[in-house]
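Below you'll find the structure, written out as structure tokens, and then a few comments.
The values are calculated or read from the model by the stated rules, or taken from the named source; none is laboratory data. Keep in mind it's a predicted model, so treat the numbers as computed, not measured. All Cβ positions, glycine included, derive from the backbone under ideal geometry; neighbour counts span all protein chains shown.
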Amino acid sequence: MDRLLCGDVGYGKTEVAMRAAFKAIMDGKQVAVLAPTTILAQQHFQTFTQRFSGYPVKIAVLSRFQSPSEQARIIRELRAGIVDLVIGTHRLLSRDIHFKDLGLLIIDEEQKFGVAHKERLKELKKNVDALALPATPIPRTLYMSMVGIRDISMIETPPEDRHPVRTYVMEFNEKVIAEAIRREMARKGQVFFVYNRVETIDRMAVYLQGLVPEARIAIAHGQMHEDTLEEVMLSFYEGSADVLVCTTIIENGLDIPNVNTLIVYDADRLGLAQLYQLRGRVGRSNRVAYAYFTYRKDKVLAERAEKRLAAIRDFTDLGSGFKIALRDLEIRGAGNLLGPEQHGHIAAVGFELYCRLLEEAMKERQGEKKVEPPDPVIELAVDAYLPDTYIRDSGQKVEIYKKVAALRSLEEVDALEEEIKDRFGPLPAPAVNLLETVRVKILGKHLGISTITMQRGDVIARLLPGVSWDAERVAKLLVGFRGEVRYQPGRPPVIRWPRGRVPAGTVRPDRLWGLLKQTFKYLLEEEIAKKQEYIHPLRG
């Protein structure tokens, strides 16, 4: 198994992981749980210990919180098979870690591990089941699951009484921030204030204290001594402070239900998955939670930062993690799937073509290689495009053209037509022609047609070299369209529609499209009824 378990923060991914771990241990295997931070590793250790308390399961934790002598003892016990379940940070990926019989590897917050770590994980995973638990998988991981390199499961049902987090993207405003902190304190709640610069974090804490003098403020960041950090987090968890000024150290899996307001300073500097993870730290109880993503006053945002903040603002519904990951995949691309480099050659070939090439390579490796016939080339005196007067924004127009290029079935064309009408209004003639061209291409491709052109007023379709129709199909064509359509055998065979004249220019050629679609659908009736692709002679 190499499975991705996607679900929003707080949806129960850890619960699924605990049950999988229990099953593996009961079958005599060892289990490793990999977490990106020491705090999260410690939290998992407490959760697993509590849940497995009635069973003979030996659990250990490996992180910088353990002394060297404790770490050496745990490593010996892992090698001897005494420890059944080990929870650890990147320390688990060190070369001195050896298992007696590792059966399951659970990777929490997989997006936090770099490419080099993942190359090391591949070595561990060769004969081991692997379960990854990302709330927002990074584009590369998500795409690998979408094309079948990895399996994917979704948890879509939110916990009971869970409300979406109310999200605001705005310039930093002292009054709004002070009001947000006071409102949370009034309902006996706590606040996370994320400030991702360790050098000046103390100054920010003093500034906030001046804004809200009655608030009790604590500070937490990754460069603190582990004992001090653990103490701060524990006392905050127990309610000793109202506001925790911290770095993004809190983004991973921390579960403090009493914290229901999040304020992020310089949100434009953070990644989309990071922003989403941070928002997941609030709203973990039945209270309505608030998230403020702020950027500096009068700052001109970079285009990518603007897109990220727009995405985090738009996707506020419960279960939006997967949609956010898909948007991230759109913004950043999938990356190089096989090597250690962070990005591949997507820009050179275009995202859709890259995805198609990758999918074809995957199918070939899985023994599912099919020789696809090329799309028919249609050369008719017809205007087929999206006019500027219809879609004014060039970015949106390119997006629609990309969707048109990716269409592979009549159902997809119908769905896109509905979407375009819904967004931009009734289709003008050139846009109708564009979609009709795609419909004719899809039908023609199944019949092995290579070109559709006009000659002296007749519409002519030529078959691909090496393709010829059987006598039954030719007879069906001639009987069904007596006098309207002619079949001329030869190399290649030609189908001719006499008197299929269409005036040049922007006249909407209903008759032409109707004639072509009617003929092709008639010849494909049985295949369409069976919902099967026409088996092309070239494919064998």
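Sub-7 Å Cβ pairs linking a first residue in region 465-493 that is surrounded by fewer than 12 Cβ atoms within 10 Å (Cβ to Cβ) to a second residue that is not small (Gly, Ala, Ser), at least 6 apart or interchain, are 465/492; 466/537; 466/538; 488/494; 488/496, ordered by first then second residue.
Can you name the residue in region 155-172 that is part of a loop (DSSP other than H, G, I, E, B) and surrounded by 15 or more Cβ atoms within 10 Å (Cβ to Cβ) and is also modelled with the highest pLDDT among such residues?
Here is the first cut: in region 155-172, the ones part of a loop (DSSP other than H, G, I, E, B) are 156-165, 172.
Add one more test, that the residue is surrounded by 15 or more Cβ atoms within 10 Å (Cβ to Cβ), and what stays is 158, 162, 164-165, 172.
Values: 158: 71, 162: 70, 164: 76, 165: 81, 172: 88.
Result: 172.
For residue 225, which of the numbered conditions (1) modelled with pLDDT of 85 or more; (2) surrounded by fewer than 19 Cβ atoms within 10 Å (Cβ to Cβ) fails to hold? It is condition (1) that residue 225 fails. When we screen 384, 405, 415, 431 for residues that are in contact (Cβ under 8 Å) with a residue 24 or more places away in the chain and within 24 Å of the chain's Cα centre (by Cα), the only hit is 405.
Here region 200-217 is the region considered, the condition is being touching a residue at least 24 places away in the same chain (Cβ under 8 Å) and under 35 Å from the mean Cα position of the chain (by Cα), and the residue that is surrounded by the fewest Cβ atoms within 10 Å (Cβ to Cβ) is 204.
Scan region 473-492 and give yes if some residue there is part of a loop (DSSP other than H, G, I, E, B) and either closer than 18 Å to residue 376 by Cα or under 45 Å from the mean Cα position of the chain (by Cα) (or both), otherwise no.
Taking region 473-492 and keeping what is part of a loop (DSSP other than H, G, I, E, B), we get 481-485, 489-492.
Subset that is either closer than 18 Å to residue 376 by Cα or under 45 Å from the mean Cα position of the chain (by Cα) (or both): 491-492.
Within region 473-492 (the criterion being part of a loop (DSSP other than H, G, I, E, B) and either closer than 18 Å to residue 376 by Cα or under 45 Å from the mean Cα position of the chain (by Cα) (or both)), the answer is yes, since at least one residue qualifies.
Determine if region 213-226 includes at least one residue that is assigned by TED's automatic domain parsing to the domain that holds residue 273, of a type outside the set (Gly, Ala, Ser) and part of a helix (DSSP H, G or I). Outline the logic, then answer.
From region 213-226, those assigned by TED's automatic domain parsing to the domain that holds residue 273 are 213-226; that's our starting set.
Now narrow it down to the ones that are of a type outside the set (Gly, Ala, Ser): 213-214, 216-217, 219, 221, 223-226.
Right, trim to part of a helix (DSSP H, G or I) and you get 226.
Looking through region 213-226, at least one residue is assigned by TED's automatic domain parsing to the domain that holds residue 273, of a type outside the set (Gly, Ala, Ser) and part of a helix (DSSP H, G or I).
Can you find a residue that is in contact with a helix residue (DSSP H, G or I) (Cβ under 7 Å, 6 or more places away or on another chain), under 17 Å from residue 374 (Cβ atoms) and crowded, with 17+ Cβ neighbours inside 10 Å anywhere in region 409-417? No, the conditions are met nowhere in region 409-417.
Do you know which of the residues in region 53-69 that are in contact (Cβ under 8 Å) with a residue 12 or more places away in the chain and under 21 Å from residue 30 (Cβ atoms) is surrounded by the fewest Cβ atoms within 10 Å (Cβ to Cβ)? Reasoning before the result, please.
Applying the first criterion (in contact (Cβ under 8 Å) with a residue 12 or more places away in the chain) to region 53-69 yields 55, 57-65.
From the residues that got through so far, the ones that are under 21 Å from residue 30 (Cβ atoms) too are 55, 57-63.
Values: 55: 10, 57: 18, 58: 14, 59: 20, 60: 20, 61: 24, 62: 25, 63: 21.
Across region 53-69, the extreme among qualifying residues is 55.
Of the residues making up region 287-311, those that are touching a residue at least 40 places away in the same chain (Cβ under 8 Å), under 14 Å from residue 266 (Cβ atoms) and under 25 Å from the mean Cα position of the chain (by Cα) are 292, 293, 294, 308, 309. Whether any residue in region 194-212 is touching a Leu at 6+ places or on another chain (Cβ under 9 Å) and more than 19 Å from residue 270 (Cβ to Cβ) is what I want to check. No, region 194-212 contains no residue that is touching a Leu at 6+ places or on another chain (Cβ under 9 Å) and more than 19 Å from residue 270 (Cβ to Cβ). In region 424-433 there is at least one residue matching the filter, namely being modelled with pLDDT of 80 or more, loosely packed, with under 11 Cβ neighbours inside 10 Å and small (Gly, Ala, Ser).
Go through 447, 443 for me and flag whichever is touching a helix residue (DSSP H, G or I) at 6+ places or on another chain (Cβ under 7 Å) and either at pLDDT 85 or above or under 13 Å from residue 512 (Cα atoms) (or both). The conditions single out 443. Summed over region 32-87, residues that are modelled with pLDDT of 90 or more and in a loop (DSSP other than H, G, I, E, B) total 10.
Looking only at region 116-129, decide whether some residue is of a type in the set (Gly, Ala, Ser) and at pLDDT below 75. Checked against the condition, which is being of a type in the set (Gly, Ala, Ser) and at pLDDT below 75, region 116-129 yields at least one hit.
Yes or no, residue by residue, for (1) surrounded by fewer than 23 Cβ atoms within 10 Å (Cβ to Cβ); (2) at positive phi; (3) aromatic (Phe, Trp, Tyr); (4) without any contact (Cβ under 8 Å) to a residue 24 or more places away in the chain:
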{"position": "13", "(1), (2), (3), (4)": "no, no, no, no"}
{"position": "16", "(1), (2), (3), (4)": "yes, no, no, no"}
{"position": "20", "(1), (2), (3), (4)": "yes, no, no, no"}
{"position": "23", "(1), (2), (3), (4)": "yes, no, no, yes"}
{"position": "34", "(1), (2), (3), (4)": "no, no, no, no"}
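Considering region 276-303 alone, what residues qualify as being at pLDDT below 80, assigned to a helix (DSSP H, G or I) and either touching a Cys at 6+ places or on another chain (Cβ under 6 Å) or closer than 18 Å to residue 248 by Cβ (or both)? Residues satisfying the conditions are 276, 277.
Looking only at residues in region 228-251 that are among the hydroxyl-bearing types (Ser, Thr, Tyr) and assigned to a loop (DSSP other than H, G, I, E, B), the one that is surrounded by the most Cβ atoms within 10 Å (Cβ to Cβ) is 247.
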